[in-house]
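Quick notes on the structure that follows.
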Amino acid sequence: MKRIGILTYWGVPNYGAWAQAYALNNTVKNLMPEDEVKHISYLTPVHHDLYYKNDERLENSFSYSYCQISHTERYDFKELEQSKFDVIITGSDAIWEFNVPEMGNDRHLIGNNLNTDKLISYAASFGCMGFGDKFEEWMQEGLQKYFAISVRDKNSADMVEKHIGKRPEIVLDPVFLWDFKNDKNIMKPLYQSYIAVYGIQWDDEFIIEAKKFARDKKCKLISIGFINDWCDMSLKIIELRGNEWIGMIENAEYVFTSTFHGLMMSIIFEKQFKFDRVPYVENRSESLLQNLQGGTGIYIDDKKDFKTIFERKLDYTVISKNVNKLKNDSLEYLKETLNDEVK
């Protein structure tokens, strides 16, 4: 029996990060049923304090969601470096976004000082970090330690190729690998006739059209996890656990989102949605939208006239076909990488 650890942003109050961890953990368990699969309960103190230093209620609230994922005891950085794993998977999420120093610039996340025989990444990302940002020597050293590297977007693939000369695989984010539609842990809300709103950054024109569309459809605008004063209701992050957040998207009439995670969940549940692709999510969403486009109009730049946009309707027969192909390819890649022998 092998000991497999998954290293990512553990315990952060972010629904997408939680959904990725939950999905990847369960997916790897299904692929490797004879092995012990656990998330590594570790977060650099700088990153931890960014969220929780003055908010114990938030940490207590979000701990319930992470307890649904099998994990190790909590490690500090010395315990992380000393703990032996047969395999460590880094990912997913923008764990290599080292141009955001507030998150701690944790060099373990890119592969340094880890006690493992086999290091792989699954759907990791540099996020909004690009070629104009400083690339430290320890980042390159970390990348060179990998047995196999996969990323979730073209920008990250270009970054890896530039710095170590190898082109990594571009794979689907793990939320697409898990069957959330049939997951009995997902909670159905009591709310009805609502539009789920997920995001904090919005274009002013988008907000005007969103409110108009909601009035026309006689739907409430419910913001899930963020306070958006332009919505009819905002459910704070301490009021909504991870499985409830997913249920809010699954049961919405429509979804308005400006986040990569909201985009993915909208596609998974085949929702009619409007994506406000603000600059922060461009790198995150580019590869996914290109791969799934297929003439479906999945991303429409025009922020005006939501009524016309939604009358077109997304063709999920095409989108689902593209998702399933990418899902099968990604699962096969992950399975082969986990089973390949280190030479």
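The values are calculated or read from the model by the stated rules, or taken from the named source; none is laboratory data. From a predicted model like this one, the values you see are computed outputs, not experimental measurements. Cβ atoms come from the backbone with ideal geometry, glycine included; neighbour counts cover every protein chain shown. Side chains are part of the model used for accessible areas, which takes the heavy atoms of the whole protein and leaves out ligands, DNA and RNA. Shrake-Rupley method; radii C 1.70, N 1.55, O 1.52, S 1.80 Å.
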Subset of segment 223-250 (residues that are closer than 11 Å to I195 by Cβ and either touching a residue at least 60 places away in the same chain (Cβ under 8 Å) or buried (at least 21 other Cβ atoms within 10 Å of the Cβ) (or both)): S223, I224, C231, M248, I249
Taking G165 and the conditions (1) touching a strand residue (DSSP E or B) at 6+ places or on another chain (Cβ under 9 Å); (2) of a type in the set (G, A, S); (3) at positive phi, which numbered condition does it fall short on, given that it satisfies the others? (1)
Options L31, L24; residue that is within 19 Å of the chain's Cα centre (by Cα) and touching a residue at least 12 places away in the same chain (Cβ under 8 Å): L24
Restricting attention to segment 159-182, which residues are over 14 Å from M264 (Cα atoms) and in contact (Cβ under 8 Å) with a residue 12 or more places away in the chain? M159, V160, K162, H163, I164, K166, P168, E169, I170
Out of everything in segment 251-260 that is over 16 Å from the mean Cα position of the chain (by Cα) and in contact (Cβ under 8 Å) with a residue 60 or more places away in the chain, what residue ends up being farthest from E270 (Cα to Cα)? F256
Please identify the pairs in which a residue from segment 199-212 that is touching a residue at least 12 places away in the same chain (Cβ under 8 Å) and more than 15 Å from F275 (Cβ to Cβ) has its Cβ atom under 8 Å from the Cβ atom of a residue that is of a type in the set (A, V, I, L, M) and buried (at least 19 other Cβ atoms within 10 Å of the Cβ), counting only partners at least 6 apart or on another chain. K211/L221
Filter segment 145-179 for residues that are basic (K, R) and in a loop (DSSP other than H, G, I, E, B); the one that is surrounded by the most Cβ atoms within 10 Å (Cβ to Cβ) is R152
Give the residues of segment 304-328 that are in a helix (DSSP H, G or I), in contact (Cβ under 8 Å) with a residue 60 or more places away in the chain and either β-branched (V, I, T) or open to solvent by 80 Å² or more (accessible area, probe 1.4 Å) (or both), sorted by residue number. K307, V323
